[in-house]
Every structure is written in C-alpha cells, then in structure tokens.
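Okay, so here's the structure we're looking at.
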Amino acid sequence: MNHLDTLEREAMHIMLEVAGQFAQPALLFSGGKDSIVLAHIASKLFRPSVIPFPLLHIDTGHNFPEALFFRDAYSAGLGARLIVRYVSDSIEKHGLSEPQGKFPSRNGLQSYTLLDAIEEFGFDACIGGARRDEEKARAKERIFSVRDEFGTWDPKNQRPELWNIYNGHIARGQNMRVFPISNWTELDVWHYIRREGIELPSIYFAHEREVIRLGNRWMATNRFIQPEAGDTVLRKKVRYRTVGDMTCTAAVESEATTLDAVIAEIQASTISERGETRIDDQISEAAMEDRKKNGYF
Amino acid sequence: MDILRFLTAGSVDDGKSTLIGRLLYDRRQIFSDQLELLRRQSKARDGSELDLALLTDGLRAERAQGITIDVAYKYFSTPKRKFIIADAPGHVQYTRNMVTAASTAQAVIFLIDARKGVIEQTRRHLYIAAMMGIRHFIFAINKMDLVGYSEAVYQSICLQCRQAVEGAQGPVPLLIPVAALPGDLVTGPSANMPWYHGPSILQALEELPVVQDIPPGETCFHVQYVNRPQSANLHDFRGYMGSLLSGEIIVGQQVQVFPSQQVARVKSIRMEGVARERTLGTGIYTIELEEELDITRGDYLLRSEESGEGNTEFTAQLCWFSEKAGRAGMKVKLQQNSMLTRAVITGILHSVNLDDYSHNAAPEQINLNDLVSVRIRTQQPMPRGEDSNTASLKQAILIDEVSNQTIAAVLID
C-alpha cells in the first residue's frame, strides 16, 4: 500500500474515533495547508453526508486576506459550518495587552480565544493539523492530547497510546486536542495535495510582494509591518511555505507558480519549514514547548 | 513507496540516539537550521563538534539531563520507503514507553554495545518485543570502532544474541556490526569491516518484507461511528462507519451484530462516498443495513453463522502503566477497538521476572512497569479472538474509572 494511503487511512481512523467518542468536536481550520488537508480528509471520510462537526477559526486579525478568502470559500464549498472567533475580542474581554514592536505577533494570544471558544460552544475535542516533524516538542506529543481547562499540555503525564486504540475519556473542564496528521511530514502533505488535486490559497505560489529583510528572511510589508529607517524595501517574487500570521510568517524567494515547482523547491530546500518561515520559533530553544504548555495547539 | 514503522531499544549509553541521528543525518533529513542549533547545543554542553544524540531530545528536561523521558517520533525516507522511528527510552523504569512504541512497530532495532554484549536490559527489551508480536528483530552491534572492528567480538556477540532471542521466543534476528558515531554500516558499507558481507542498517530496513494487507478469514467489522446526518437529502440515512479488520463484506449478505446477535442484510457499502458491491481490503467503510436495528459504536458486524456468544471471562497479559498499584477485585474500563466495557481483574496469576523470564506466582499487587498474567471478567461479552487472524481482537487497554488514565496494555490469551 502506498504511504499516502496509509497516512490518509490513519487520519480517517483518528477522525472517526473523535466523531464516535466526543459529543462536541471541532476542526481547527485556518486556511493553511495542513488544516486544508484535514478538512479534505474529513469531507472524504463522511461522504455522502457533510462533516458532522463545525470548522473553527481563531482569527488573529493579522491573517493574510488571501487565507481568509480561501477559508470562507473552501468551507462553503464543503457545506460545513464555519465558526470564527476573534483575538481582538479576547484582548478586550481579558484586558490583554497588544503585542508591541516591529513584528507585533498575536500568535501567543490565540490561546485565550481558543479557550474562550471551547467554553462558549462546549467543545470537548479540537482536531488540529500539527505534525510531529515540525518541531521537537511536537515530536513528543500524543495523537490524543489531554488539556486541562487552561489548555495546558503536561508532557510528563501523557497517556500511552497503544496500537490504534485512542482513549478519549476526559473529565469535566478538560478537553482533547487531536492531531490526525501527526505522522505526516511536510513533503507528505504536499504530495497528498498534489495527488488529491486540493486547492490552496494563492500565497502558496510565487507572486510579487514588497518585502524587507529580516536576518536571512523576507517579511512582507503590510499595515502591521512598516519599514523603518535603515530597512531596504524591495519588490521580490516570493511564496509562503507556511501560512501563519502576517506578523510572524516570513516569505520565501521563489519562482514556483505551480504545485510541481513548489514541491521541487521544497525538496531542494536545506532549511526546515518552521526555520525558514516562522520568526516566533526563534526566540528560544523551547519556544514551542512553552507555548504548548500555555494552551497553544 | 510504503511505510515501515520501527522502534529502537537500548540503554542510554548504547548509542541509540546517535544511530537515529546518523540515519537522519546521512539521509539529509536534518535541515541546516536544525544542524546549526545542534552544533550550538553540542558546543555549550561539552564542547563537542556535533552530538547527533541531541536530535531526539525534544523537551527541556531531557536536554538538561541528557536523557529521553518519552517516546519521540522521527521521520525519514528513501526512494524505497518512508520510515517512522519510535525512539523508546532505555531506562528500566520506562517499560511502558517501550510497550507503547512496540505496539505500532513492525520491526525493532536492539542496540548492543560491542564492549559489553547482551546485558540484562537487552533481555528485558527482547521479552517485550516478542510479547508484543514484533516480526522483525535487528541487532545493531554498535561501537565496533571501540573493539578494533574485530570479527571475533562480533561473532561471539552474535552467539549471545541468538541465544537471547531464542530464550525470548522471538523471530530469527538480523545481526549487523555497526559504528554509529563514525557511521560504519549505518547507511553504507564499511571499509573497516571487510569481513562482513551482510546489509547495512538502512539496507536491512529497506528490504524487510512488510505485510499490510487485510488478514483473510472471518468477516470482522467494528462500528466506530453511526452517521445519521438527518439532512433534507439524507433524511433516513443511517450509515455504520468503521474499519474492516478481516475478511470481506458483500452487498446482500447477512451479518450478525455482536454482541446482540441480531441478524441483518447488507444494503449498501460505501468508501469515501462511492458505492461498491463488496469491500476491497482494509479500510474505512460506511455500511447501511436493510433492517433498522439498534446498533451503536463498539458493536461488531460478524459473518452471521459464526459469531456465537463471545467471552466474558478470559486470561490476558498486562503491562501495568500506572503509579497506582493494581489488585484483584479492581474495577476498570476496558477498550478494545471502539468497544468499551466495564471489567474487573478477578485474579492475578503470576508476574514475569524480566531478568530471567521466571514467574512469580500470585503476587499481591501489580506495580508500575510490571508484566503480569491476570484473569479478567467483562460486563459485555468480547468477540472470541483466539482462533482469529484479527490481531486487534487480542489487544485492548485498561482505563482507570476515576482518573481516566490508560493504566495497562492488555494482550488477550
């Protein structure tokens, strides 16, 4: 059996276990490639009916407009219910301070909004597109990951996962994060997208953009990121290898306008996915571990 | 390209993490930014150039203590195969992690330090791997560089390994001399060991036969989710979604619902929404039945003549995962595939001493990391798995009724 078939089947099995074990699951959907793959798999799995749980997006207010446009069109095409909750509302509600600086990332604040949404809708399981190959802390997380009411991940107290049996038992106040594509690599995702003919937001392909240099990365200018004195503003042909917020995602110089060309570039790349594109992981060695302990995906 | 899942077992100093690091490094699965970080860490730690072992240490506590506290998963591929590595820690107190890693592995690499040969730890790992039914055993007889790449040392350790595998009733092993640090026989040949003519570790991993097809035999389908969309266009649709574990299902055939023993006729079979006349191998299907029956998650659909009443009492091997000791009379939940039932441990028959595989009769309690043989009674009957090809009918977990923790792996006899 082909490796993509094996991975797809594993993901379907996990989603079916979520549908079977939880009363109020949600699928975290951002319009990024990993969550698009999740939604695609879910829609295939449950045919002829629509996905029996809603898609949930935590809108940071810093999202790329192309990703939001795609989010709305894609979920409408699936006939799925899309719920959007806004980080700006959480900032107001909890009196949080806006991030400052040249790259004011609201990435860490998403956790508040997610927890609020979990409480508002009573979600007992949130399906996410995290992969173990992305980052060292993620390599250690279980597929069914129990979080307490603060969303905290306790790496030393994880449930052993045996065979393909998933223990979804949780207490009131806890919720489960579930990662069906844990065992996929970045290239598996791209190969699957090509095989299945899945559409992606336009920013995954090379286009012209005004950028400034940040170390060895390119950050696009936009209403949040303004060039300062000393910045050289250039027009470059770029694409996005990952799609996070405009304030924390760097672009990659690229000529790739087709899926084949994108895959060829990624195959030839000597830098990791997050290393090339996420400026928020560079803060410390344990940046992701710390964010996850604070309720992050 | 298919997938091979394997685990590595060895104690902290056998060079396990170095071997994994070497496989990833030589297959260029480490990116330059990760490598740069690794160089900085190696230098900060002990001034070394590049410590590949740091690659698998994901959490802060592990980096600080230089140990692996949990199973880490790593990925690499060659043109032939995608590999998923489960790196199970070697500490004796982490038996549960090895059992967890072993449960999904098709092969295991045992790390042996060529200076020490087979040690107590190796015997423990062998027993667990054999108990968990792993089909392919590979020994990486490591640190050959530290014994002068000596064929005589290799041969004498091979003998020890074969005897140890026999004692654990494991499959015929592959025995590969390796020097993981410099890289001999990890991904390529070794000029230092011209006397060895077998495969390198990577070659062996690429060539292991992997069976992924559905076991033939009796039809066994487990219901994971009942899909009732109740939408305008699918108003009366009631699809039983689940995995076919063995055999096949054909439209029009009769199936028996387990445990209720009701009989029904298959109305339709769908895979990913596409209707088909019969199932085709393993996979997830949506099945409609002609009759409206009360079928819920956890039920099985079996071939009608054969299902019988099932078992409510059986013996099983447990690996205990909990700090809280288990005792006879303890009530738990038991999950097998999607089936969940209450259960009670009615008796502890014996525990296994992993050092010499001897049995301690009727121990008082079951402690963390113990392997024990127990008697279990379940509230609901379980399908009989003893004559079946369906491996998952012999596998289950125990869940604590209060903490919801997974407290034991169950291998039903």
### Message
Return the residues of the range B:123-134 that are in a helix (DSSP H, G or I), open to solvent by 10 Å² or more (accessible area, probe 1.4 Å) and in contact (Cβ under 8 Å) with a residue 60 or more places away in the chain; say none if nothing qualifies.
### Response
B:ARG123, B:ARG124, B:HIS125, B:TYR127, B:MET131
### Summary
Counted residues in the range B:368-399 being facing chain A (nearest Cβ under 9 Å) and out of contact with any Leu (no Cβ under 8 Å at 6 or more places or on another chain) come to 1
### Residue pairs meeting the criteria (Cβ under 6 Å; at least 6 apart or on separate chains; first farther than 17 Å from A:HIS207 by Cβ, in the range A:242-268; second open to solvent by 10 Å² or more (accessible area, probe 1.4 Å) and charged (D, E, K, R))
A:CYS248/A:ASP280
### Query
How many residues, within the range B:79-91, are at pLDDT below 90 and either part of a loop (DSSP other than H, G, I, E, B) or acidic (Asp, Glu) (or both)?
6
### Query
Here are A:LYS136, A:LYS102: which of them is within 12 Å of chain B (Cβ to nearest Cβ) and modelled with pLDDT under 85?
A:LYS136
### Query
Can you pull out the residues in the range A:19-44 that are facing chain B (nearest Cβ under 9 Å) and buried (at least 24 other Cβ atoms within 10 Å of the Cβ)?
A:GLN21
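Per-residue answers, yes or no, for (1) open to solvent by 40 Å² or more (accessible area, probe 1.4 Å); (2) in the same structural domain as A:LEU28 (by TED's automatic domain parsing); (3) more than 30 Å from B:ASN337 (Cβ to Cβ):
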| residue | (1), (2), (3) |
| --- | --- |
| A:ILE170 | yes, yes, no |
| A:PHE205 | yes, no, yes |
| A:VAL211 | no, no, yes |
| A:GLY215 | yes, no, yes |
| A:TRP218 | no, no, yes |
| A:GLU228 | yes, no, yes |
| A:GLU265 | yes, no, yes |
| A:GLU273 | no, no, yes |
### Summary
Reported set for the range B:115-167 where residues are farther than 16 Å from B:ALA102 by Cβ and among the aliphatic types (A, V, I, L, M) is B:VAL118, B:ILE119, B:ALA140, B:ILE141, B:MET144, B:LEU146, B:VAL147, B:ALA152, B:VAL153, B:ILE157, B:LEU159, B:ALA164
### Task
Sort out which residues of the range B:214-245 are farther than 30 Å from A:PHE53 by Cβ and either over 27 Å from the mean Cα position of the chain (by Cα) or of a type in the set (Gly, Ala, Ser) (or both), and write them in order of number.
B:GLY217
### Query
In the range A:3-14, is there at least one residue being assigned to a loop (DSSP other than H, G, I, E, B) and in contact (Cβ under 8 Å) with a residue 12 or more places away in the chain?
no
### Query
Among the residues of the range B:149-158, is there at least one that is open to solvent by 40 Å² or more (accessible area, probe 1.4 Å) and either within 14 Å of chain A (Cβ to nearest Cβ) or without any contact (Cβ under 8 Å) to a residue 12 or more places away in the chain (or both)?
yes
### Summary
Of all strands (runs of 3 or more DSSP E) fully inside the range B:242-343, the set with 1 or more residues that are of a type outside the set (Phe, Trp, Tyr), closer than 27 Å to A:GLU10 by Cα and within 13 Å of chain A (Cβ to nearest Cβ) is B:263-271, B:274-276, B:283-289, B:311-320, B:331-336
## Note on the structure
Residues of the range A:15-31 being within 16 Å of the chain's Cα centre (by Cα) and in a loop (DSSP other than H, G, I, E, B), in sequence order, are A:PHE29, A:SER30, A:GLY31
### Query
outside any strand (DSSP E or B) and either on the phi > 0 side of the Ramachandran plot or assigned by TED's automatic domain parsing to the domain that holds B:GLY21 (or both): does that describe B:PRO199?
yes
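Yes or no, residue by residue, for (1) closer than 23 Å to B:GLN262 by Cβ; (2) of a type outside the set (Val, Ile, Thr); (3) under 24 Å from the mean Cα position of the chain (by Cα); (4) not assigned by TED's automatic domain parsing to the domain that holds B:SER103:
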residue: B:THR315; (1), (2), (3), (4): no, no, yes, yes
residue: B:PHE321; (1), (2), (3), (4): no, yes, yes, yes
residue: B:MET330; (1), (2), (3), (4): no, yes, no, yes
residue: B:ASN353; (1), (2), (3), (4): no, yes, yes, yes
residue: B:PRO363; (1), (2), (3), (4): no, yes, no, yes
### Looking only at the range B:229-244, and only at residues there that are of a type outside the set (S, T, N, Q) and out of contact with any Phe, Trp or Tyr (no Cβ under 7 Å at 6 or more places or on another chain), the one that is surrounded by the fewest Cβ atoms within 10 Å (Cβ to Cβ)
B:ALA232
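The values are calculated or read from the model by the stated rules, or taken from the named source; none is laboratory data. What you see is a predicted model; the values in this text were computed from it and never measured. In this analysis, Cβ positions are derived from the backbone assuming ideal geometry, glycine residues included, and neighbour counts consider all displayed protein chains. Surface areas here come from the heavy atoms of the whole protein model, side chains and all, with no ligands, DNA or RNA. Shrake-Rupley method; radii C 1.70, N 1.55, O 1.52, S 1.80 Å.
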